[in-house]
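Beneath this line is the structure, given in structure tokens, with notes to follow.
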Amino acid sequence: MMNYQENVGLLTDPFGRQITYLRISVTDRCNFRCVYCMPPQGVPHVPHNRIMRYEEIVAFVQVAARQGIQKVRITGGEPLVRADLPRLVEMISAIEGIEEISLTTNGILLEKYASALASAGLRRVNVSLDTLSAEKFARITRGGELEKVLRGIAAAEACGLTPIKINTVIMRGINDDELIDLAKLTLDHPWILRFIELMPIENQQTWGDGFPPPGEIFMPVREVMDILQPLGLKEVDLAGDSGPAIPYRLEGGIGTVGFISPLTEQHFCQRCNRLRLTADGHLRPCLMSDVEIPILPALRGGEPILPLLQEAVNRKPASHQLARHVSPNGRCMIQIGG
Ligand code: SAM
Ligand code: SF4
């Protein structure tokens, strides 16, 4: 039995940040094996009985929504490999207080599911796209098909899951020769493209033949901005709708280009308003710290969840320690939920 007698309140962490955004990983499985996200041999999967059931996720979101969580993003692993994802979207969109549900996906199954997701109440999607070369795409994702992802984006657009956000991880020696071409996508598409700094989360092992040593791949957003400057990059005001990226527009562009710099921007953590829930039911106060609070035993035992939610908020660090070379060492990105 779930305990629904939780108090109504607001989640504010010890540094005054109000937590309104929950990222839910629904699976630790994926149909890609991206070089920066997991080792070539893959990672051991959590057994099914230790993965949160949809009803359990919903029970948690109900508590969180009463405490001020307004936005939910579904991620993974690859969320679209989990059976019947539209059902979860529908259940979450029925929760009072949840104003927006979005999805982060590699896009490969989006063509198949975009319409059902939109009907279930999904508002928009973020699709990961690091290159416009089909051959390079297959190498980065260890087998992914670029063409199918592009069709997935088109299907999402056709179903109104807009504005489409595109996530591009910046990798020196891998896609730094394409930064201008990727940015120029926003000349013809109303997309919100975001260049993201590579985070050192359990990916410092060799990436395989043809890739530079991991230590040489990181490239700060500042360098990307310098490369794009000749395209007439201008800051734009999107009325607070840009997430962690400050949006810019290329001259003549209809979409925007943004830059997410968790490593090199000092104020990044000051704006953090999020909590993460892993597929195996751990609340993670910060992506880049190993602190996790298990909630499944309480959920399955019919105990109150609110104290665990409050503990997670109270244990949010002021900032991550990556600048001091302290990176998490427990799980890779696919297991946390990026
Ligand atoms: N499978 C989905 C996808 O690829 O969009 C959702 C999960 S994936 C872990 C979420 C995002 O994290 C993707 O945009 C991916 O590019 C990004 N990501 C994964 N590992 C990363 C890393 N080490 N540094 C920066 N971004 C990373
Ligand atoms: Fe899968 Fe997304 Fe990780 Fe790539 S980034 S391996 S698509 S979870």
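Where a number appears in this text, it was derived from the coordinates with a stated rule and is not lab data. Since this is a predicted model, take the numbers as computed values, not measurements. Please note: Cβ atoms are built from the backbone with ideal geometry, for glycine as well, and neighbour counts cover all protein chains shown.
Per-residue 3J(HN,Hα) values for the range 256-265, derived from phi via the Karplus relation 6.51 cos²θ - 1.76 cosθ + 1.60 with θ = phi - 60°, read 10, 10, x, 9, 10, 10, x, 8, 9, 9 Hz in sequence order (x marks Gly and Pro).
In order along the range 153-165, the Karplus-derived 3J(HN,Hα) couplings, from 6.51 cos²θ - 1.76 cosθ + 1.60 at θ = phi - 60°, round to 5, 4, 5, 4, 4, 5, 8, x, 7, 10, x, 6, 9 Hz, and Gly and Pro are given as x. Relative to the longest principal axis of the Cα atoms of the chain, helix 54-66 runs at roughly 90 degrees. Estimated purely from DSSP H runs of n ≥ 4, each contributing -39500 (n - 2.57), the mean residue ellipticity at 222 nm for the chain is -7500 deg cm²/dmol once divided by its residues. The distance linking the range 68-89 with the range 162-184 is 25 Å (Cα centroid to Cα centroid, whole angstrom). Phi-derived couplings, Karplus 6.51 cos²θ - 1.76 cosθ + 1.60 at θ = phi - 60°, listed residue by residue for the range 116-123: 5, 5, 5, 5, 7, x, 5, 8 Hz, with x used for Gly and Pro. Packing, taken as the mean count of other beta carbons within 10 Å per residue, orders the peptides 209-220, 282-293 from highest to lowest as 282-293, 209-220.
Return the whole-Å distance between the Cα centroid of the range 20-37 and the Cα centroid of the range 199-235. If we compute the Cα centre of each part, the gap is 21 Å. Shown for the chain: cysteine residues without a partner Cβ closer than 4.7 Å, namely Cys30, Cys159, Cys269, Cys272, Cys286, Cys332.
Taking R0 as 45 Å, what FRET efficiency do you get between Ala83 and Met225 from their Cβ-Cβ distance, rounded to the nearest 0.05? Taking R0 as 45 Å, the efficiency between Ala83 and Met225 is 0.60. Taking amide H positions as modeled 1.01 Å from N, with prolines and chain starts lacking one, the residues under 5 Å from Tyr248 and 5 or more places away or on another chain are Val236, Val257, Gly258. Per residue, the convex hull spanned by the alpha carbons of the chain comes to 126 Å³. The slack in the chain from His48 to Gln310, taken as 0.36 nm per residue of separation less the alpha-carbon distance, amounts to 91.6 nm. Its Cα centre serving as origin, the range 46-125 has a Cβ charge dipole (Lys and Arg +1, Asp and Glu -1) of approximately 140 debye. For the peptides 49-62, 192-205, residues were scored by their other Cβ atoms within 10 Å and the scores averaged per peptide; the highest-first order is 192-205, 49-62. Mind checking which lysines have their Cα closer than 28 Å to the Cα of Lys71? Skip sequence neighbours fewer than 8 apart in that chain. Once the sequence-local lysines are set aside, what remains near Lys71 is Lys112, Lys165, Lys316.
Proximity of backbone amide H atoms, modeled 1.01 Å from N, is registered between Ile192 and Ile164, Lys165, Ile166, Thr256 at under 5 Å, excluding neighbours fewer than 5 places apart on the same chain. For Arg29, the residues 5 or more places off, or on other chains, whose built amide H falls under 5 Å of its own are Glu78.
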